[in-house]
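Comments concern the structure below.
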Amino acid sequence: MTPLVAVTAEPVDAQALQKAVCGAADPLGAGRHGAVVSFVGVVRGEHRGRRVLRLEYEAYVPLAERSLEQIRQEAARHWPDAIIGAHHRVGMLEVGDASVAIVATSPHRADAFAACRFAIERLKQIVPIWKREHFDGGDEWLEGATADPNDPVALAEALKRSCA
Amino acid sequence: MRVKIRVFARLRDIVGTPTLVCSVPPGATIKTVWEGLVADHPALADYERSISCAHNAAFARMTTPVAEGDEVAFLPPVSGG
């Protein structure tokens, strides 16, 4: 059975995640959920003007999965009718490979879009996953946000970006 | 007492290994563990302000006390997605 959150070396399967999220949201098949929004992040072949060859992802897996669970709970507080799931891949990924999938479902589209956007913004803030960019001529670890899951300013920023 | 340390991404590159074990005195905190690690790997000092830390796979603060057998992790700024 597909879990709602996972950090794994297996390829991201957005369709399996979508099935799991929809099953969790509506276990009896009552037809309550009219909107399903999926986001798939894919390795891009260009970054800051240089050609990207591949991205190497690393995670602190138990804490990363725990952080994804925190994001699910935060989303549930702001969009009580929405259910989300998130899978992130680790290991060496080629250009075009999916690194992350997020699925949000809710009775109406506004909450599904917002919860999905929130989850990816929040993932980039607090989930302990890192990528090393292998580009034409070298490689470099990319470093974004200092992860602080209790920082209210970061949470407010993620909510703002999700148009809440 | 002994604690296990985990480091990731560029911190791992600096330290040269993903996990190590260190000895700290009774009453030690995560900060004590970090200071010992920086003493052995001075290049880590640049990360003093930007790291997060974890205690037994949960986010923690540098003031969190550590006990024998605990796992302490130091996390550079994250870049998932």
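Please treat every number below as a calculation from the coordinates, not as lab data. Only a predicted model underlies this, so the values are computations on that prediction, with no experimental measurement involved. Virtual Cβ from ideal backbone geometry, glycine too; neighbours counted across all protein chains shown.
Points to keep in mind about this one:
- Alpha-carbon centroid distance for the pair the stretch A:1-41 / the stretch B:1-64, whole angstrom: 36 Å
- Averaged over the residues of B:46-57, the number of partner chain Cβ atoms lying within 10 Å of the residue Cβ comes to 3.
- Between 0 and 90°, nearest 10: helix B:30-40 axis offset from chain B longest Cα axis: 70 degrees
- DSSP H segments from chain A that extend 18 Å or more along their own axis, Cα-based, with Kyte-Doolittle mean of -1.0 or above: A:61-78, A:109-126
- Positive-pole candidate from B:Gly69, B:Ala58, B:Val3, dipole of chain B, charges at beta carbon: B:Ala58
- Long-range Cα-Cα pairs in chain B (distance over 20 Å), rounded percent: 22 percent
- Charge dipole of the stretch A:1-137 (Cα centre as origin; +1 on each Lys and Arg Cβ, -1 on each Asp and Glu Cβ, all else neutral): 300 debye, rounded to the nearest 20.
- Spatially, the stretch A:90-164 and the stretch A:49-78 are offset by 6 Å when compared through their Cα centroids.
- Computed over the alpha-carbon pairs of chain A, the distance histogram in 5 Å steps reads 2, 9, 18, 20, 20, 15, 10, 4, 2, 1, 0 percent, short to long.
- Packing-based ranking of A:53-60, A:74-81 yields A:53-60, A:74-81, ordered from highest to lowest mean Cβ neighbour count within 10 Å.
- For chain A, the 222 nm mean residue ellipticity estimated from helices alone, with every DSSP H stretch of n ≥ 4 adding -39500 (n - 2.57) and the total spread over all residues, rounds to -11500 deg cm²/dmol.
- Dividing the summed -39500 (n - 2.57) terms of all DSSP H runs of n ≥ 4 by the residue count of chain B sets its mean residue ellipticity at 222 nm at -6500 deg cm²/dmol.
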